[in-house]
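Read-outs throughout are calculated quantities, based only on the coordinates presented, and are distinct from any laboratory measurement. Just so we're clear, the structure is a prediction, and the values are computed from it rather than from any experiment. Positions of Cβ are backbone-derived with ideal geometry, glycine not excepted, and every protein chain shown enters the neighbour counts.
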Amino acid sequence: MIQKSANSGSIIEPPWETPLNRGSFGDLFEAVIEAMLLVDASGKIVMANSTAQDLCGYTLSELNKLEVEALIPQRFREHHRQYRKHYLAHPRKRPMGNNRSLVLLHRDGHEISVDISLNSVIIQEHAYVLLALHVVDRCSQIEYELHENQERLWLIKQMVNVGIFDIDCVNRRIYCDERLRELCGNSIDEVITLNDLTAVVHADDRASCQAAYDKAVNPRMDGEFRVQFRIVQSSNQQSDQQQERWLTIFGETQFEMGKAKRIVGIVRDITQRKQREKMLQQHRNETEALFKQQVAMLTASAIAHELNSPLTAISAYSEVALHTLEEMPSNCSPAQDAMKSCFEQAQLAGHKLYELLNFLQNNTAESEILDLNQVIEDALLLARGDGYGEFSLLLNLESTLPAVSANQFQIQRVLVNLIRNAAEAMRGAQMPTPEIRISVATLALENMAMVSIIDNGPGVDQDTLERIFKPFFTTKSTGLGVGLSISRALIEANGGRLWVDPDCKHGARFHFTLPFA
Ligand code: ADP
């Protein structure tokens, strides 16, 4: 009679005096088709049916002298001892090894794959572990391992988002795995011809794909197959709308007797990256145009400022001269006409300058609701793309920062200017470990976000501090000296402030604020 115990192991009640008693428990044990072992809490084998004896290659009396670990290859023994202790602390009926096939060590040293299930039994208040061993047949074991490998490969492919291809260069056929077919919008079969694949490639990219393939199969080249191209797929079956997806291929060619035999490789979906690159390029164009316009405005203002006084003087002098000529009795009309024209031209010049300034200033950009963290990350990408990336970056963004109201391109331009200046200053001073820290904080009282750009370059000396925001002030041999004055004007146009920390002891520290939306 066997009862369920509270901890879900089984209690085998008397009449058996000892587990080795060859009474009805022994008969029952013997009758089981599976190999059965009974092990006590110290790990000693106390009982084994004849199937188990045959399987292990030991007699019962030999087995009775063994610790169960003797039936396990050396490399797993210590781990098994720990496992046994753990099992005895939490006994329950369960398979061992999480569905993995386990290894049994035969007396002659060969290893046998087995499935083992465990149960705990209490006999005369002593805990024992009952092991049922089932030999895994080779075929199903291979099948199982194959299945496991496929599953592992599938998981990796999903994680890194890659598809796999295998090109038979001789027959120009290509095997596409499930992921690759998925990337192609499930419009191709598992095995297709190279021409079938070309048919789904964007017409503008076919030539570059062909060139990459020709290079890969050329035995005089390095056998690398690398190309980026677009796949065109119908977005839905009813409509004629087409969807583009960017893929990148990387493969290696195998040559045999100087001829390309096979190319195996991976395919990756890079659509998002491409879209982002395109967006960044647009941003770069926009911020560049904005900068040019600002430089033009600054230059025009500076010229206007310089010309304003002489033009006013010319108008005033010519007006006085005109009045004097008018009051003279003799006929001075040619001189009067000349003076009149002089006055008019001076007025016209002033007017034109005013119009030009007005035109440049009226080109104001609109504010939008912005995620400042994102603008900073984009600006960093732009600055790095422009060749200002040799620094280690410490980004301290605020994930819960409320949106700000500003013009995206203008703020991006300011950030790029500040990052560039920092990178140039550190490069110029040949700092051994250039570093830029960008942090975002909330100024609750002012209802503003504050961005700080801090570098560990040479810093700003007192003389420079006083002139740093003046137009056309530069200490660089190729500098224009307009970056900071434009940046300040742009931040002020967006309702914020830009300043440099005068007390910074190491490097330079610039800050700007922007109002929350
Ligand atoms: P430019 O970069 O063309 O010189 P800017 O207006 O951007 O024009 O900068 C003006 C000057 O401010 C620079 O020439 C430099 O002397 C100083 N400056 C700006 N940023 C920094 C910085 N991070 N570290 C040291 N000096 C700086």
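Values for this structure:
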| read-out | value |
| --- | --- |
| Student exercise, segment 62-129 dipole from Lys, Arg, Asp, Glu Cβ charges, in Debye to nearest 20 | 280 |
| Angstrom value of the Kirkwood radius, inverse mean 1/r, which spans all Cα pairs in segment 143-226 | 14.4 |
| Under 5 Å, built H, 5+ apart or other chain: amide partners of residue 243 | 233, 234, 235 |
| Estimated dipole of the chain in Debye, rounded to 20 [Cβ of Lys and Arg +1, of Asp and Glu -1, Cα centre] | 860 |
| Phi-based couplings in Hz for segment 108-118 (Karplus 6.51, -1.76, 1.60; Gly and Pro marked x) | 7, x, 7, 9, 10, 7, 9, 9, 10, 10, 10 |
| Taking 472, 165 and counting other C-beta atoms within 10 Å, the order from fewest to most | 472, 165 |
| Local electrostatic count, residue 178, Cβ distance below 12 Å [Lys/Arg +1, Asp/Glu -1] | -1 |
| Rg/Rg_globular for the chain, with Rg_globular taken as 2.2 N^0.38 Å and Rg from C-alpha atoms | 1.75 |
| Anchor residue 44: lysines whose Cα lies under 27 Å away (excluding residues fewer than 8 positions away in-chain) | 4, 65, 85, 93 |
| Segment 351-420 shape via C-alpha gyration tensor axes, a/c threshold 1.5 | oblate |
| Kirkwood Rh and Cα Rg combined as Rg over Rh, evaluated for segment 425-472 | 1.09 |
| Cβ charges +1 (Lys, Arg) and -1 (Asp, Glu), total dipole of segment 380-492, debye | 260 |
| Using alpha carbons only: equivalent-ellipsoid semi-axes of segment 245-324, gyration tensor based, whole Å | 70, 14, 7 |
| For segment 193-346, alpha-carbon Rg and Dmax in angstrom | 35.4, 111 |
| Fewest-first sequence of 388, 128, 144 by Cβ atoms within 10 Å of each Cβ | 144, 388, 128 |
| For segment 83-191, with +1 on Lys and Arg beta carbons and -1 on Asp and Glu, the positive-most of 124, 91, 169 along the dipole | 124 |
| Along principal axes, Cα extents of segment 77-171, largest first, whole Å | 73, 34, 22 |
| Value of relative contact order over the chain, rounded to a whole percent, pairs C-alpha under 8 Å and six or more apart | 7 |
| Cβ-based exposure ranking for 369, 192, in which fewest neighbours within 10 Å come first | 369, 192 |
| Positive-pole candidate from 149, 429, 351, dipole of the chain, charges at beta carbon | 149 |
| Whole-Hz ³J(HN,Hα) from phi, Karplus 6.51 cos²θ - 1.76 cosθ + 1.60, for segment 411-421, glycine and proline x | 5, 4, 4, 4, 4, 4, 4, 5, 5, 4, 4 |
| Segment 281-335: C-alpha gyration tensor shape, a/c 1.5 cut-off, then a/b vs b/c | prolate |
| Signed unit charges on C-beta, dipole axis of the chain, positive-most listed residue 186, 250, 106 | 106 |
| For segment 296-312, Karplus couplings with θ = phi - 60° (6.51, -1.76, 1.60), whole Hz, Gly/Pro x | 4, 5, 5, 5, 4, 5, 5, 5, 4, 4, 5, 7, 4, 5, x, 5, 4 |
| Prolate/oblate/rounded call for segment 395-444, Cα gyration tensor, a/c under 1.5 rounded | oblate |
| Between 0 and 90°, nearest 10: helix 372-385 axis offset from the chain longest Cα axis | 80 |
| With Cα atoms, 0 to 90° folded angle of helix 74-89 axis to the chain main axis | 90 |
| Equivalent-ellipsoid semi-axes of segment 363-517, from the Cα gyration tensor, Å, largest first | 24, 17, 15 |
